[in-house]
Amino acid sequence: MTTSKSGTLRTWLAAGAIAASFAAPALAQKADPKFDAWLQKSQLGPFQKNEKWDEVVANAKKEGEVVVYSSTGTMMKVAEDFAKAYPEIKVKAYDLGSEKTIEKVVREQQAGVYAADVVYTGGTEQMVFDLLPNHRIVNYVPSYLVDRIPQEHREPLLTHVIEAYGIFYNAEANPQPPIKNIWELTEPQWKGRFSMKSPAGSLTTLMTLAAIVEHSDTMAKTYEKHAGKKLQLSAGIENAGYEFLHRLIANDIVISDNSSKIATAVGLRGQAKPPLAFSVIHYLTKNQTDNYANAIPYDLEPAALYSYPTYVTVAGQAPHPNAAKLYVAFLMGSKDLNAQSELKQPFRSGKSLELLQGMASFYQVGTFSPRTDVPPPPFSEAWPTAKKLTASPEFVKDNIAKISDFWLAETSR
């Protein structure tokens, strides 16, 4: 195993910290009169009935401010666009990363501080099974979008975008995908030539590992198809998903702390033997912006894509609940957006921005709206039919700490 300049010890310690945070179960709380009174006043939760959107907008302008805790720097662009659309409302948006977004919400509310209005991040285990039942966030779906978003992306939390990690290869050096089966990555020809972002501090990387482990039966069948024999598990390894990770790590995997650098290392042109990698697939946009040659082997067995949701919610006892509603709605795109909408680049201007609103900054390959009426972004033609593996919320809740512990143990050998 090889690590980047962040250092092996730092990676181990961070992974252990994540495992500890995931290990704490979500505890059901008794009814909170203050929280219930805030829900009723804000017309959220069970009180969100007969929503009158004009009143929401008017009240949001009266509140005059919205505070956003976010896991992505893209939110800064959304904040700029929101401020232009609603100059009466001051936007304070913070790019905190996935773990720190959740940590900040929990620590502030434990101290009785309710500063955030909108919470935006992935992390199914913490968001769905900890923050939601403990009243630290509230699910909110603008009423006019209910019929445009499938239930699995509306409940228990609203999905803003569906994203994915993918296996990247360099299409200049390899006119055809260099691997057909994921188990090839554990073989000598790829020793030291496969990289991924450390799961320490990255909930999305952990979701990818969880998807692999949850689909262990599929991983076992994929191995047998590749090797022509049944998989023999190593000592102490319980299933094919863990066995794959065990062998991948042992094959001198390169662990980085930066997905952008990973995409650059794979896609840079002029390489004789470029590596392969797990990377967030929206970095395929570097092919247009930086003339890289990244590609995804969409026919890879069992899958080259590992999808996960990113959620947007209203913070519990948010001080500006109507502004929070308006911001959530802005993120999801306008009421007038539909499958026949003509969207032209640059998406953050003109009619495209009017339709996409906060979705404009995310409208790129690798980032997909859960709305059924949004045209797919450019260069994403393969997405709808491509094979994907996804970790279920229940599996993540019950297994993410174990997966983190496994990663820690394997990378410390």
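The numbers here are math on the coordinates, done by the rules we state, and not lab data. It should be emphasised that the depicted structure is a prediction, and the values quoted were computed from it without experimental measurement. Glycine gets a Cβ as well: all are built from the backbone with ideal geometry, and neighbour counts include every protein chain shown.
Which far-off residues, 5 or more places away or on another chain, put their amide H under 5 Å from the one on Leu305, with H placed in the peptide plane?
When sequence neighbours closer than 5 places are left aside, the close amide H contacts are Leu389.
Read phi for every residue in segment 258-272 and hand back ³J(HN,Hα) as whole Hz from Karplus 6.51 cos²θ - 1.76 cosθ + 1.60, θ = phi - 60°, with x for Gly and Pro.
Result, rounded to whole Hz: 8, 5, 5, 5, 5, 4, 5, 4, 7, x, 4, 6, x, 8, 7.
Using only Cα atoms, locate the centre of segment 216-273 and the centre of segment 356-391, then give the distance between them in Å, rounded to an integer.
About 26 Å separates the Cα centre of segment 216-273 from the one of segment 356-391.
Over segment 257-413, what relative contact order in percent results from Cα pairs under 8 Å that are six or more residues apart?
Numbers: 145 pairs, mean separation 34.7, N = 157.
Rounded, it is 22 percent for segment 257-413.
If I model a spin label as a point 7 Å beyond the Cα along the Cα-Cβ vector, how far apart are those points for Ser349 and Arg269 in nm?
Distance between label points: 2.6 nm.
Step through the residues of segment 249-254 one at a time and calculate ³J(HN,Hα) from phi using the Karplus curve (6.51 cos²θ - 1.76 cosθ + 1.60, θ = phi - 60°), rounding each to whole Hz and writing x for Gly and Pro.
Ordered by residue, 3J(HN,Hα) equals 5, 5, 8, 6, 4, 9 Hz.
How high is the relative contact order of the chain, in percent, counting Cα pairs under 8 Å that sit 6 or more residues apart?
RCO, the chain: 27 percent.
Order of 282-292, 340-350 by packing, highest average Cβ count within 10 Å first?
Top of the packing list down: 282-292, 340-350.
How long are the semi-axes of the equivalent ellipsoid of segment 345-413, defined as square roots of 5 times the Cα gyration tensor eigenvalues? Whole Å, largest first.
After scaling each eigenvalue by five and taking roots: 36, 14, 13 Å.
Which lysines, if any, have their Cα less than 24 Å from the Cα of Lys90, not counting same-chain residues under 8 positions apart?
Those lysines meeting the cut-off are Lys41, Lys52, Lys61, Lys62, Lys77, Lys100, Lys104, Lys325, Lys335, Lys351.
If amide hydrogens are placed 1.01 Å from N in the peptide plane, which non-local residues have theirs closer than 5 Å to the one on Gly123?
none
Rounded, prolate or oblate for segment 96-173? Axes are the square roots of the Cα gyration tensor eigenvalues, ordered a ≥ b ≥ c, and the cut-off for rounded is a/c under 1.5.
Details: a/c = 2.68, a/b = 1.37, b/c = 1.95.
Here segment 96-173 falls in the oblate category.
Where does helix 53-63 land angle-wise versus the long Cα axis of the chain, in degrees 0 to 90, nearest 10?
90 degrees
Using modelled backbone amide H atoms (1.01 Å from N, in-plane), which distant-in-sequence or interchain residues come within less than 5 Å of Leu96's amide H?
The list, which skips near neighbours in sequence, is Ser70, Ser71, Thr72.
Once phi is turned into ³J(HN,Hα) by the Karplus curve 6.51 cos²θ - 1.76 cosθ + 1.60 with θ = phi - 60°, what whole-Hz value does each residue of segment 161-166 show in order, with x for glycine and proline?
Along segment 161-166, the couplings run 9, 9, 10, 7, 7, x Hz.
Order 121-131, 71-81 from most to least packed using the mean count of other Cβ atoms within 10 Å.
Values: 121-131: 24.3, 71-81: 19.4.
My ranking of the peptides, most packed first, is 121-131, 71-81.
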